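**Student:** Starting off with a structure, shown below.
The values are calculated or read from the model by the stated rules, or taken from the named source; none is laboratory data. These figures come from a predicted structure and were not determined experimentally. A quick note on method: Cβ atoms are made from the backbone with ideal geometry, for glycine too, and the neighbour counts reach across all protein chains shown.
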Amino acid sequence: MSESTHGIGGLTFDAKKRARPPELNVLFALILIIGVFELLGAFLMGQSFLFDSADRFDSFLNEARLKIIILQVSIIGIIAIGSTQVIISGGIDLSPGSVVGLTAMIAMSFAQVAEVNGNPNPKAVFGPAWMDLPAIVPLVVGLSVGIAAGLINGLLIAYTRIPPFIATLGMMVTARGAAKWWTKGQPVSFPTEGYASIGQGMMPVLLFILLAVLFALILRFTVYGKRTYAIGSNEDAARMSGINVARHKVLVYTIAGALAAFAAVVLSAKNLTAQAGMGVMYELDAIAMTVIGGVSLAGGRGSIVGTVLGALIFGVIISGFTFLRLDAYYQEMVKGAIIVGAVVLDQWRQGRMAAKM
Amino acid sequence: MSDLQTNISSGEFPHDAPGTSDVILETRGLTKHYGGVHALENANFTLRKGEHVAIMGDNGAGKSTFVRQITGVEQFTRGEIIFDGKNVKFENPMEARQAGIETVFQTLALADQLDVPDNLFLGRELVKFKLGPFSILDYKAMRERTMEALVKTGVKIPNIRGTIERMSGGQRQCVAIARTATFHSKLTIMDEPTAALGVQETAQVENIIRTLKEQGEPLILISHNMRQVMDLCDRIVVFRRGRICADIDITAGDVTGEEVVAYITGAKTQPQFEDAA
Ligand SMILES: Nc1ncnc2c1ncn2[C@@H]1O[C@H](COP(=O)(O)OP(=O)(O)O)[C@@H](O)[C@H]1O
Ligand SMILES: [Mg+2]
């Protein structure tokens, strides 16, 4: 049914007549922003942002910078995949940053080596019986922590009248507290090689891409995806249609928790250490990526493809500022502006949609 | 009054085994109180198979309340509902729907950001491959069934893959109605389906209702539009202050709009409902 098909009585389902996907606008925005940095680079720095102008590299592109951009967004990008489905369902999750901290601490505790350079591990959390375990153990433990946190979020939101904002804010504070309590604030370090390999090289990027593809397919082609959109679009209609909205929401937040935990494993494996303060503000970065990518905070609208593009825009802007040698302070301020700007854009889009009706 | 062919609906029909009686729905003494508000009082109502009955009455007369009791949206205070020969008390709209009652509610239950097939199959998606919540959707089958439903109801929508938010009020209403026709229902209920529509859109919805009539599908139509009711229905049941005050057969064509209005406003009451007035 790729071409226009005229059904009986003038009914059609013409693929070409479909509205331009909003992801295309996000892609244009990405290209535009890269263009701006190229221009600024040419005028201010005398060099190109993404292209290899100085012939320093074998290829046409500045691979090093590209890698940095993609690498630095992929871990928060994994969280953003979870945030995307939460926001599409009409909710919000403020807890992933803290869940990252807690999960990293606990998972890393099960990933430690017994001996460092012939001496006992100075950061040991457990006794030797709990060391040198295969990487699957900390992975499963970590995911369980995230799933538990997400499950609690989901149960609170679905079965009490606590709004998602408050329920997940509670989890944000509690999980951060638990992360500090776990080792009384001490960092946990020296993971096994197996565990470390989860976060080395371009592994985070590969995992991000795999998860993005998986969830893009889930949201597009499964009953779960369809109902997630339906609930965000009109919760009453979904309920009237016999969808078990409460149970569905529990699943949505649980999956978000699992993805946050997975990001924590990748992050701690990459850094070879876990600290209670890991992941602070990651939830806001993830929400920003999501909203920049065209996911509406009002629910029912958006896609994983959009979020991936949103993540790239986010990464390009951050490394663009580094490229222009602007202070880290400016970066933070600009990040704040991006988040607010994205929400303003979303409001404006919603207003325009409402006006069309 | 004698020139009106009337029928008293309560308890007149014996009820037989499911499917054998010609009565599809009967309510006996159906009552709903919201605290002190007696929104529905002792409603005795009967609908035969293939019959199209209009429910009329002023705003606040209890029409929507009546529908909400039948469709399981709310739990009634007192009374009995006999649907398809069985005593029923639906806990939620889904149960009513599973039993074969499809309803177009006054507030449309559509997901704006989804397209037509998505809305038609909301909550009862067709799947290619069962995997629990992650079952794979059968988009092709849902599109085909959607086309069938649209043809069956005579609904014309330029592009079924368009999202609901891009559609006019009439098209939305048509989607909501087509949705009831997608599944083999035993009874369709529409609560003021044309209240917010323009002339042409109203005509389209009326055509759908005629199609349902031809197909012998019973219908309860709540409407304020006298011409529409006279055109489309076999009988008018008038509600006033939570009670049924008239049950008028209009198939003979000798009933005037003025008479019906007189019942609605309370100027007249049929003798058999005198105690209700
Ligand atoms: N949930 C409710 N709580 C209290 N009163 C209600 C509720 N729903 C309806 N009513 C009252 O019941 C009466 C009938 O309302 P309704 O059935 O909506 O009227 P209609 O559909 O005929 O216009 C009105 O007086 C209305 O205010
Ligand atoms: Mg009403």
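**Student:** Of the conditions (1) part of a helix (DSSP H, G or I); (2) more than 23 Å from residue A:111 (Cα to Cα); (3) among the aliphatic types (A, V, I, L, M), residue A:162 clears all except one; give me its number.
**Tutor:** Of the numbered conditions (1) part of a helix (DSSP H, G or I); (2) more than 23 Å from residue A:111 (Cα to Cα); (3) among the aliphatic types (A, V, I, L, M), the odd one out for residue A:162 is (1).
**Student:** May I ask you to list the residues in the stretch B:111-167 that are of a type in the set (Phe, Trp, Tyr) and touching a helix residue (DSSP H, G or I) at 6+ places or on another chain (Cβ under 8 Å)?
**Tutor:** Of everything in the stretch B:111-167, those that are of a type in the set (Phe, Trp, Tyr) and touching a helix residue (DSSP H, G or I) at 6+ places or on another chain (Cβ under 8 Å) turn out to be B:121, B:134, B:139.
**Student:** Still on this model: Hey, residue B:54 hits all of (1) at the interface with chain A (Cβ under 10 Å from one of its Cβ atoms); (2) within 15 Å of ligand 2 (Cβ to nearest atom); (3) buried (at least 18 other Cβ atoms within 10 Å of the Cβ) but one; which does it fall short on?
**Tutor:** (1)
**Student:** Please tell me if residue B:105 is surrounded by fewer than 22 Cβ atoms within 10 Å (Cβ to Cβ) and within 15 Å of ligand 1 (Cβ to nearest atom).
**Tutor:** Here the answer is yes, as residue B:105 does meet what is asked.
**Student:** Which of the residues belonging to the stretch B:68-78 are within 12 Å of chain A (Cβ to nearest Cβ) and either surrounded by fewer than 17 Cβ atoms within 10 Å (Cβ to Cβ) or within 16 Å of ligand 2 (Cβ to nearest atom) (or both)?
**Tutor:** B:68, B:71, B:73
**Student:** Being more than 16 Å from ligand 1 (Cβ to nearest atom) and within 14 Å of another protein chain (Cβ to nearest Cβ) narrows it down to one of B:252, B:176, B:196, so name that one.
**Tutor:** B:176
This table checks each residue for (1) surrounded by 22 or more Cβ atoms within 10 Å (Cβ to Cβ); (2) aromatic (Phe, Trp, Tyr); (3) in contact with a Cys (Cβ under 9 Å, 6 or more places away or on another chain).
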site	(1), (2), (3)
B:41	no, no, no
B:46	yes, no, no
B:49	no, no, no
B:59	no, no, no
B:62	yes, no, no
B:66	yes, yes, no
B:80	no, no, no
B:87	no, no, no
B:117	yes, no, no
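**Student:** Taking the conditions exactly as written (in contact (Cβ under 8 Å) with a residue 24 or more places away in the chain and within 13 Å of chain B (Cβ to nearest Cβ)), does residue A:299 satisfy them or not?
**Tutor:** Here the answer is yes, as residue A:299 does meet what is asked.
**Student:** Considering B:213, B:156, B:186, which residue is at pLDDT below 85 and basic (Lys, Arg)?
**Tutor:** B:156
**Student:** Do we find that residue B:130 is under 26 Å from residue A:222 (Cα atoms), surrounded by fewer than 17 Cβ atoms within 10 Å (Cβ to Cβ) and free of Cβ contacts under 8 Å to residues at least 40 places away in the same chain in this structure?
**Tutor:** Considered against the rule, which asks whether it is under 26 Å from residue A:222 (Cα atoms), surrounded by fewer than 17 Cβ atoms within 10 Å (Cβ to Cβ) and free of Cβ contacts under 8 Å to residues at least 40 places away in the same chain, residue B:130 comes out as yes.
Residue-wise test of (1) among the hydroxyl-bearing types (Ser, Thr, Tyr); (2) closer than 28 Å to residue A:182 by Cβ; (3) buried (at least 21 other Cβ atoms within 10 Å of the Cβ).
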{"site": "A:259", "(1), (2), (3)": "no, yes, yes"}
{"site": "A:262", "(1), (2), (3)": "no, yes, yes"}
{"site": "A:288", "(1), (2), (3)": "no, no, yes"}
{"site": "A:293", "(1), (2), (3)": "no, no, yes"}
{"site": "A:299", "(1), (2), (3)": "no, no, yes"}
{"site": "A:303", "(1), (2), (3)": "yes, no, yes"}
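**Student:** Is there a residue being touching a residue at least 24 places away in the same chain (Cβ under 8 Å), assigned by TED's automatic domain parsing to the domain that holds residue B:127 and within 30 Å of residue B:34 (Cβ to Cβ) anywhere in the stretch B:255-263?
**Tutor:** So far as the stretch B:255-263 goes, no, none of its residues is touching a residue at least 24 places away in the same chain (Cβ under 8 Å), assigned by TED's automatic domain parsing to the domain that holds residue B:127 and within 30 Å of residue B:34 (Cβ to Cβ).
**Student:** Of all residues in the stretch B:64-102, count the ones that are more than 15 Å from ligand 1 (Cβ to nearest atom), over 15 Å from residue B:186 (Cβ atoms) and in a loop (DSSP other than H, G, I, E, B).
**Tutor:** 3
**Student:** I'd like to verify a number: residues in the stretch B:184-212 that are of a type outside the set (A, V, I, L, M) and under 13 Å from the mean Cα position of the chain (by Cα), how many?
**Tutor:** 7
**Student:** So, one more: For the stretch B:25-63, enumerate the residues that are farther than 20 Å from residue B:105 by Cβ, more than 10 Å from ligand 1 (Cβ to nearest atom) and in contact (Cβ under 8 Å) with a residue 40 or more places away in the chain.
**Tutor:** B:26, B:28, B:29, B:31, B:41, B:42, B:44, B:48, B:49, B:50, B:51 - these are the residues of the stretch B:25-63 that are farther than 20 Å from residue B:105 by Cβ, more than 10 Å from ligand 1 (Cβ to nearest atom) and in contact (Cβ under 8 Å) with a residue 40 or more places away in the chain.
**Student:** Provide a single number: the residues in the stretch B:103-142 that are facing chain A (nearest Cβ under 9 Å), aromatic (Phe, Trp, Tyr) and not in a loop (DSSP other than H, G, I, E, B).
**Tutor:** 1
**Student:** If you don't mind, another one. Need pairs with beta-carbon distance below 7 Å; first residue part of a strand (DSSP E or B) and within the stretch B:216-230, second within 16 Å of ligand 1 (Cβ to nearest atom) and not hydrophobic (A, V, I, L, M, F, W, C); sequence gap 6+ or separate chains.
**Tutor:** From residues that are part of a strand (DSSP E or B), the pairs are B:222/B:63; B:222/B:191; B:222/B:192.
**Student:** Please give the number of the condition residue A:210 fails out of (1) in contact with a helix residue (DSSP H, G or I) (Cβ under 8 Å, 6 or more places away or on another chain); (2) aliphatic (A, V, I, L, M); (3) under 24 Å from residue A:149 (Cβ atoms).
**Tutor:** Among (1) in contact with a helix residue (DSSP H, G or I) (Cβ under 8 Å, 6 or more places away or on another chain); (2) aliphatic (A, V, I, L, M); (3) under 24 Å from residue A:149 (Cβ atoms), the lone unmet condition for residue A:210 is (1).
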